[in-house]
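Engineer: My questions all concern the structure below.
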Amino acid sequence: MTQSQRRQASGVRKTVKRSGKPSVSRKPQAASQPGAFVDARRLRSEDPLQKTLRETSGRIGIATRPKVVDFTARRKERKRMNVRTILIRVGIAVVSLAVIIGLVWFLFFSPVFRLRADKITVRGANAWVSNEQILNIADQQVGKSLIVVSDAKVESALENIPGVSHADSQKKFPNGLTVSVTAQRPAAMLRVKGGNDLTAVDSRGRVLNSVAKGASVAGIPVIEVNNVNKALKNKGVLAALTILNDLPESMRKDVASVSANTQDSITTRLSSGITVVWGDAADAKLKIAIVDKIIHDPAVIGDKTQVDVSAPSRPIMK
């Protein structure tokens, strides 16, 4: 310690002894030199109150009270918010469920889209496929919502009616249904040998309406059989029905008789006296085209009375 520093410290001690209290100067102290003695009592201290006021004062210089958090109140408030949130969610769920139930009832159970019997329209019926047969199928959907009525199922059921080759079903909202069918004429008539009763059948061997209902049988080929039920299971008769169904009307009306002893020996005799040997039902349309060209060309048919197209690539005339 230097001599000047010792002299200054001695003066401080004397002052303390004389007054009994340390005398602290309020004058700013100059920065001390490194290694110099520093009296902590002479250091400038900051008033805690002033510091607090400065840190908590607002923008306009007004002292503000520090915010005190009431955790009990916050907990109650949060609980109320949770209850409110749950109630809102439950309310939304109930309203949504009610809307869905109402929509389902409106679409599927209300009378708005319910099919009515008087709104069903039938097209394409003929003497062999009656309106009643078609309506019996369509009426099965009456009372149902059009939303659940299946056009495909209605069409499939209609095509199972004997004589129907194609069916179409269209919904007519809000309460209607239109069904259209393509009804075949009979491919042939089955007549039991020695009898006069005729049974009309289509190309698939399905029995059509009774002839007794007034349908005209003119121009429809007749096949004589021993028993109708057995004939409809006979492969020869079924093959003959396929060929007869594909014949053009100009040739069908000229068919005087049909023989179908086996499925490979189908024969027809035309009213002109020409006998056509078809063989089986394979390539029926090709065989029909060949026969039609031969019998209508006098230079080809000449005085021949038999045309054999069982092998269509090599037709034989006798």
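Engineer: So how many residues does region 259-318 have that are buried (at least 16 other Cβ atoms within 10 Å of the Cβ) and assigned to a loop (DSSP other than H, G, I, E, B)?
Structural biologist: 10
Engineer: Another question, then. Quick check on my filter: what residues within region 168-196 are out of contact with any strand residue (DSSP E or B) (no Cβ under 7 Å at 6 or more places or on another chain) and modelled with pLDDT under 90?
Structural biologist: R185, G194, G195, N196, listed by residue number.
Engineer: Can you tell me which residue within region 112-152, out of those that are surrounded by fewer than 16 Cβ atoms within 10 Å (Cβ to Cβ) and small (G, A, S), is farthest from S180 (Cα to Cα)?
Structural biologist: Across region 112-152, the extreme among qualifying residues is G143.
Engineer: For region 122-232, give me every one of the helices (runs of 4 or more DSSP H) that falls completely inside it and has 3 or more residues that are more than 35 Å from the chain's Cα centre (by Cα).
Structural biologist: On the way: elements: 131-138, 151-159, 228-231.
Per the criteria, 228-231.
Engineer: Residue by residue through region 153-168, note down the ones that are exposed (fewer than 14 other Cβ atoms within 10 Å of the Cβ) and out of contact with any Ser or Thr (no Cβ under 8 Å at 6 or more places or on another chain). Reasoning before the result, please.
Structural biologist: Of region 153-168, the ones exposed (fewer than 14 other Cβ atoms within 10 Å of the Cβ) are 153, 156, 160, 166.
Hits for region 153-168 are K153, S156, N160.
Engineer: Between residues in region 157-175 that are outside the structural domain of I120 (by TED's automatic domain parsing) and within 21 Å of I147 (Cβ to Cβ) and residues that are loosely packed, with under 14 Cβ neighbours inside 10 Å and among the hydroxyl-bearing types (S, T, Y), which pairs lie under 7 Å by C-beta distance while being six or more apart or on different chains?
Structural biologist: Final answer for the pair search is none.
The values are calculated or read from the model by the stated rules, or taken from the named source; none is laboratory data. This one's a predicted model, so the numbers in the text were calculated from it and none came from an experiment. Neighbour counts are summed over all protein chains in view; Cβ atoms, including those assigned to glycine, are modelled from backbone coordinates with ideal geometry.
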